[in-house]
Structure formats: structure tokens, C-alpha cells
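Chemist: The following block contains the structure, expressed as C-alpha cells.
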Amino acid sequence: MRYGFILILPFLLGIPGLLAILDNPKMAYFWADTKDYMAAASDILRFGLSVISSPPLHPDLPDHVIWFDRPPLYPLLLVVLGFLPGSFEVWHFLTMCLFKGLAGFVIYRFLKARIGQGWLGLLIIYSYMIVFPIYIVSDITFFLTVALFAVAGLMLLEDPGWKTALSAAGAGILMAFTKPTGAFAGLILLAVGLLGKKTRAYSALALAIMGSAVLLWCWRNKAVYGRFAFSQIPDVNTAFYLGPALAAQETGQEKPWRFGWGYFGLYQQARDAYRERVKAMGIEGNDRAKAALIAEMAEKARRKIMDDPFGYAICHLKYTSRFLLPRGFFQSSLQDFTDTLAKLLILILACMGLGLWWKRGRLGAVFLALGGLWFLMTPGPIMDERVVMPFYVFAGILAQGGWVLWRRRKEGSER
């Protein structure tokens, strides 16, 4: 009954969202990213998996290159959902609720077996992003793959063997092919096992398996787009977000610690300049040329960042601090206050929990802390509520440890 409740809870929390989708299915298409995922799914439906080796062009979407930006796992899921009878938007919503339930189930079972409690970790990941199953974006799917990877990675560090190595590598591959940041995070976190004698060989095996899949996709991108990279996303982010954010700070358009989006004017200028060059060069239907153009713009932005690394660090931290701002979904001052307070408590408990996990195993503690920091800190000027969602997986596990530690100390002082 407990496990059934854990799986069904996201559906219960999502009832308002389900009613909203039934009333207005167009809500599912709110995010700009949605059109890319839908276009990729349409490609798979029309051409099959040959899109992997020979992706169709999308001159109708000139800002980037879809099959260099978007890994195939989530678009493939959209194709499968499209075959189900009834409303596609409703099926997608229900599937995302199921994925969130599965993420909670995996984390709860892991925590319950290790430290005897799991409800706080479950509450943290369930309370976050209640409204997002409504939207056709890959973040909830990524949330599940991150949860699978976090648990599999910890099990590998606790009990190294070929089974746990294969599980961690498989979860890492799923994570990478859902969102590109999963590739970088997965390889970095699996490398933690190289620090221990008992875990070194099996972590190397997991790294080799996951790394091979990542390298194959990089070679595929080299053959198709001329760029040996797992995804174009780093180039896009650097060219259109990171560079303009630093320029806005240097020119005074974005004041330090303003918590705003002051660089959006420069962001839009970079987008407009790119579109104008695409049109002037006549490369609307040439994905390889567009990829090279974005790489060129990204390289200029990187040189600007390297010329002022301290200034960029301040710029990056300024936007990362937006994490503590309220979400603002419900236009309620009480909700805004409780949201910010909850985030602070999660951070405090997660820091406390590091001590408990350190006692259980140093490599596991490093794995959790590094995973939490990676997904919290790397977005920087790209920061919004979606991109820090994976942080809550690692923070939820750490915070549960903090809660257990606090309860133990309280019970000890009472005695």
C-alpha cells in the first residue's frame, strides 16, 4: 500500500493540471522548446530511426539545429505516446506523472533501506515542479533518468561489481540521451569511483560503457555536422546566454546581484544577428553551415569570458542565486514566501546530511555533493526552474540524511 501511494501521489497532486489540460490542451505547448521536440518526433514518425544517421533539415526553425541540439530519447517517447488512442496531451501528462512517481519510488526505496527513512526526500522531489507535467518538455523524463542514475551510482560505490557497474552505465546513457547535460554530469560523477581502490575497476567499466555511447554520438555529430561534440547546446548557451550576460554586466545593463534578466536585450541582439547572417549567407537549409556559424559565435563569447574570468564568475553566481527566488506560478505572496523558505531549508538540511553520508561512505558523499552542485551551479545565466530540477534528486537524498542526523541529535539531547 505504501508503494502504491508513492506511485499514485503525483497523479493526485496533478489533478488541477489534468483539469487544466482537459479544458485547454494548447497549454501543453507553452514552452519554446516544445516545437523542437515535436518536430523531432515528427521526423522519427515519417522517416524512422534513419533520422539518426541522416536527419532531415528544418529551415522552418532557423535558430539552431534540432538533431544536434536534442538527443533522441524524449522525441522517441513522444512518438510512442502519439499511437495511443485519445488525447495526446492527456497521455503525455499522465506519463509524466508516472515518471515522477517512479523517480519517487526509486529514491524512497533506496533511502528506506539505507537510513530507515525516506519521506523527506520523497516530499522534496514531489513538491517540486507540480505544474510541469502539463508541458511537453523533456524535464520530467530527465528527472526520472537522473533519479535512476543517482541511485545506481550510489549502489556502485557501496557495492562495486559488474551488475552495479552495468546499472550505473545504463542509467547514465539514458540520462545523456534525454538531455545533453546528463552526458557531462554522468561521466564526471562516475569518475568519483576512480578515487577508491575497491571501486576503481568497476567505475572504470561503467565509464567505458557510458563513454563509448557518448563518443559514438560525438562521432555521429562529426560525420553529420562537422563538429565532434555530444551536442550543440553548449555552443548555443555560450553564444546566446553566457556571452550576452557577461557583456550586460560589463556595460552596466545588468547590475550585480540584481537577480534579473537584464541581458535579454543583448540576448535578442545575438539571436537577431545570427538570423541575419543565416539569411545573408543563404544557409537556411544547411545544418552543417548553421552549426559552424553558432560555433564561431560561441568561440567569440568564450574568448570574452576567458578575458574576464573573475567577472564571469560573479556574473554566473549572480544568476545562480535566482534559485532562491520564488517560482511565482500561483501569484501568491504566501506561496512565494514558503517556496523560498523551503529552498533554504533544503539547502541547510542537505549540508547537514553530508555528514551522515560521509560516515556511511566518503565516495558516496562526494558523489551526492558533486551531483547537487553540478545541477545547481552549471546553469548560471540560463537559470530557470526547469534546469535545476535534477538538483532536487541529489538534495533530497542529502536532506533526508540531514533530517535523520538532526533527529538523532535531538533524541540524544533529550536523554
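Chemist: Run Gly86 past the list (1) part of a helix (DSSP H, G or I); (2) at pLDDT below 95 and report the number of the one that doesn't hold.
Modeler: Exception for Gly86: condition (1).
Chemist: Here is a further query. Filter segment 259-282 down to the residues that are at pLDDT 90 or above and either surrounded by 15 or more Cβ atoms within 10 Å (Cβ to Cβ) or more than 28 Å from the chain's Cα centre (by Cα) (or both) and list them by number.
Modeler: Answer for segment 259-282, where residues must be at pLDDT 90 or above and either surrounded by 15 or more Cβ atoms within 10 Å (Cβ to Cβ) or more than 28 Å from the chain's Cα centre (by Cα) (or both): Ala270, Arg271, Ala273, Tyr274, Glu276, Arg277, Val278, Lys279, Ala280, Met281, Gly282.
Chemist: While we're here: Could you tell me whether segment 292-308 includes any residue that is surrounded by fewer than 15 Cβ atoms within 10 Å (Cβ to Cβ), in contact with a Pro (Cβ under 8 Å, 6 or more places away or on another chain) and in contact (Cβ under 8 Å) with a residue 60 or more places away in the chain?
Modeler: no
Chemist: If you don't mind, there's one more thing I want to ask. From the residues in segment 108-155 that are aromatic (Phe, Trp, Tyr) and part of a helix (DSSP H, G or I), which one is surrounded by the fewest Cβ atoms within 10 Å (Cβ to Cβ)?
Modeler: The residue in question is Trp119.
Chemist: Could you list all residues from segment 10-24 that are surrounded by fewer than 16 Cβ atoms within 10 Å (Cβ to Cβ) and assigned to a helix (DSSP H, G or I)?
Modeler: The answer is Leu12, Ile15, Pro16, Leu19, Leu22, Asp23.
Chemist: Also, quick follow-up: Being closer than 29 Å to Met96 by Cα and either assigned by TED's automatic domain parsing to the domain that holds Leu78 or assigned to a helix (DSSP H, G or I) (or both) narrows it down to one residue among Ala201, Ala208, Ala185; which is it?
Modeler: Values: Ala201 fails: closer than 29 Å to Met96 by Cα; Ala208 fails: closer than 29 Å to Met96 by Cα.
Result of the check over Ala201, Ala208, Ala185: Ala185.
Residues checked against (1) modelled with pLDDT of 95 or more; (2) over 26 Å from Ala152 (Cβ atoms):
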| residue | (1), (2) |
| --- | --- |
| Ala41 | yes, yes |
| Phe47 | no, yes |
| Ser54 | no, yes |
| Pro59 | no, yes |
| Asp63 | no, yes |
| Tyr74 | yes, no |
| Leu77 | yes, no |
| Val90 | yes, yes |
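Chemist: Here is a follow-up. How about segment 191-207: which of its residues are small (Gly, Ala, Ser) and touching a residue at least 24 places away in the same chain (Cβ under 8 Å)?
Modeler: Gly193, Gly196, Ala201, Ser203, Ala206
Chemist: Is it the case, given these coordinates, that Thr164 is modelled with pLDDT of 95 or more and outside any helix (DSSP H, G or I)?
Modeler: no
Chemist: Out of segment 239-251, which residues are among the small types (Gly, Ala, Ser) and either in contact with a Pro (Cβ under 7 Å, 6 or more places away or on another chain) or at pLDDT below 80 (or both)? So that I can check it myself, show each step before the final result.
Modeler: We begin by selecting, within segment 239-251, every residue among the small types (Gly, Ala, Ser); these are 239, 243, 245, 247-248.
The one that is among the small types (Gly, Ala, Ser) and either in contact with a Pro (Cβ under 7 Å, 6 or more places away or on another chain) or at pLDDT below 80 (or both): Ala245.
Chemist: For segment 228-255: of the residues being assigned to a helix (DSSP H, G or I) and polar (S, T, N, Q), which is farthest from the chain's Cα centre (by Cα)?
Modeler: Gln249
Chemist: Report, by residue number, each residue of segment 355-387 that is without any contact (Cβ under 8 Å) to a residue 60 or more places away in the chain, surrounded by 19 or more Cβ atoms within 10 Å (Cβ to Cβ) and more than 15 Å from the chain's Cα centre (by Cα).
Modeler: Trp357, Ala365, Ala369
Chemist: May I ask you to verify whether Phe105 is modelled with pLDDT under 95 and either touching a Pro at 6+ places or on another chain (Cβ under 9 Å) or among the hydrophobic types (A, V, I, L, M, F, W, C) (or both)?
Modeler: yes
Chemist: Also, I was wondering about something else. Give segment 283-336 a look and list any residue that's modelled with pLDDT of 80 or more, assigned to a loop (DSSP other than H, G, I, E, B) and of a type in the set (A, V, I, L, M), or say none.
Modeler: Across segment 283-336, the qualifying residue is only Ile283.
Chemist: Could you please tell me which pairs satisfy a Cβ distance under 8 Å, a separation of 6+ or placement on different chains, a first residue in segment 41-63 that is over 20 Å from Ile283 (Cβ atoms), and a second residue that is charged (D, E, K, R)?
Modeler: Cβ pairs passing all conditions: Val51/Asp43; Ile52/Arg220; Ser53/Arg220.
Chemist: Anything in segment 388-415 that is surrounded by fewer than 22 Cβ atoms within 10 Å (Cβ to Cβ), of a type outside the set (S, T, N, Q) and free of Cβ contacts under 8 Å to residues at least 60 places away in the same chain? List them, or say none.
Modeler: Listed by number, the residues that qualify are Leu405, Trp406, Arg407, Arg408, Arg409, Lys410, Glu411, Gly412, Glu414, Arg415.
The values are calculated or read from the model by the stated rules, or taken from the named source; none is laboratory data. Because the structure is a prediction, the values reported are computed rather than measured. Counting neighbours? That spans all protein chains shown, and the Cβs are built from the backbone with ideal geometry, glycine included.
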